[in-house]
Amino acid sequence: MIDEFYSRDKGSRTKDNGGKPTAPFSVSDAALANADTHKPKEDKNSTYSYFKPTYQWIRFTVGPWIIKRIVLNSGFWTAAATVVIAVATIVYTHYARKQWQEMHDSGTDTHALAQQAVTQGTLLRQQIVGTYAAAIPKSTPAPAELSNDLEFLRFQGIDMSFTNVGKTKATGFIADATLIRKTLPNYTPIGIPEYKHISQAQIRPNDQNGPNSIGDTPVIRFNTKALTERDIASLQNLRETIEIDGHFQYGNGFDDTVKEAFCFLYVGQFPQHIFTKSGASTGGGGGGWTTCDDKEFIEQAVKWKQKQQTPN
């Protein structure tokens, strides 16, 4: 049987070689042939060359895009915070639902428990919004103290800036403000008021603007070129004041619209015995801005100034 198989194989090999017998192909010959053709080093270089473009694309194109568009994008953090709220609410609702069922089965009133769950969800949202939402506080007008140098004051003007100190960009910002001089202590308007309106589509968080940079912080600037030497003297002697009154609003990034009103008065000289807690000093300090809620203290300051100016 084996001889017959060998004879057939020999005839087949003779036929394939033009009638000349050839040696049978052994397993050892196959191993040697494979050893000659298989070169691990060349295969390794070929694999590296194949994956190198992909690696470079990920490192130099996709990687920087992810960092710029996702990691440094405040909108991404808004979306992430929203997802956290949703997931936390779902988890808590699932947990509370089991409690409701157990309490219901035991005959306990579930209405109070449902209200508690709603309250907990509201508190959770308030905590997340308070941490990540856009926030624009009321800023005191600048400069903090008006210069006695009239030329410099006319060049400088009076500014109000609105800085986003939150973690998410503010949207749809609108601000309106009016500056007017008034007499003291009756607060009678003097001259024509100056009205300003500004708006901005979005305000980035201040920590994304870089050091020593106001970035896209909107600013209202009032003109002081009409002030005279007499006006400056009246401010310093507490016979006049400057009032800035207005309001602003913006979206905080969590579907809430924040509205704020502001009112500031300029006091040319702060009596230290009135505006310091100790009351030890009796002299007058420098000028500055205060809120309109402090009119009682301003009246005291005016009386103090009038008493100083009254001859003994």
Single condition Ile174 does not satisfy, out of (1) open to solvent by less than 30 Å² (accessible area, probe 1.4 Å); (2) of a type in the set (Val, Ile, Thr); (3) closer than 23 Å to Ile136 by Cβ
(1)
Residue under evaluation Ala201, criteria (1) more than 18 Å from Asn252 (Cα to Cα); (2) not in a helix (DSSP H, G or I), criterion not met
(1)
Looking at the stretch 184-197, can you tell me whether even one residue there is polar (S, T, N, Q) and open to solvent by less than 60 Å² (accessible area, probe 1.4 Å)?
no
Determine, yes or no, whether Ala261 is small (Gly, Ala, Ser) and at pLDDT below 95.
no
Say we look at the stretch 264-291 and pick out the residues that are among the hydrophobic types (A, V, I, L, M, F, W, C) and open to solvent by 10 Å² or more (accessible area, probe 1.4 Å); which of these is modelled with the lowest pLDDT?
Ala280
State which residue is surrounded by the fewest Cβ atoms within 10 Å (Cβ to Cβ) when the search covers only the stretch 214-244 and only residues that are within 38 Å of the chain's Cα centre (by Cα) and within 14 Å of Tyr187 (Cβ to Cβ).
Glu243
Of the residues in the stretch 226-250, how many are among the basic types (Lys, Arg) and at pLDDT below 90?
0
Going through the stretch 114-166 one residue at a time, which ones are hydrophobic (A, V, I, L, M, F, W, C), at pLDDT 80 or above and open to solvent by 80 Å² or more (accessible area, probe 1.4 Å)?
Phe152, Phe155, Val165
Going by what's in this entry, would Thr78 be described as in contact with a His (Cβ under 9 Å, 6 or more places away or on another chain) and at pLDDT below 80?
no
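The values are calculated or read from the model by the stated rules, or taken from the named source; none is laboratory data. Keep in mind it's a predicted model, so treat the numbers as computed, not measured. Quick reminder, even Gly has a Cβ in these numbers, built from the backbone with ideal geometry, and neighbours come from all protein chains shown. Surface accessibility is based on the protein's heavy atoms, side chains included, excluding ligands, DNA and RNA. Shrake-Rupley method; radii C 1.70, N 1.55, O 1.52, S 1.80 Å.
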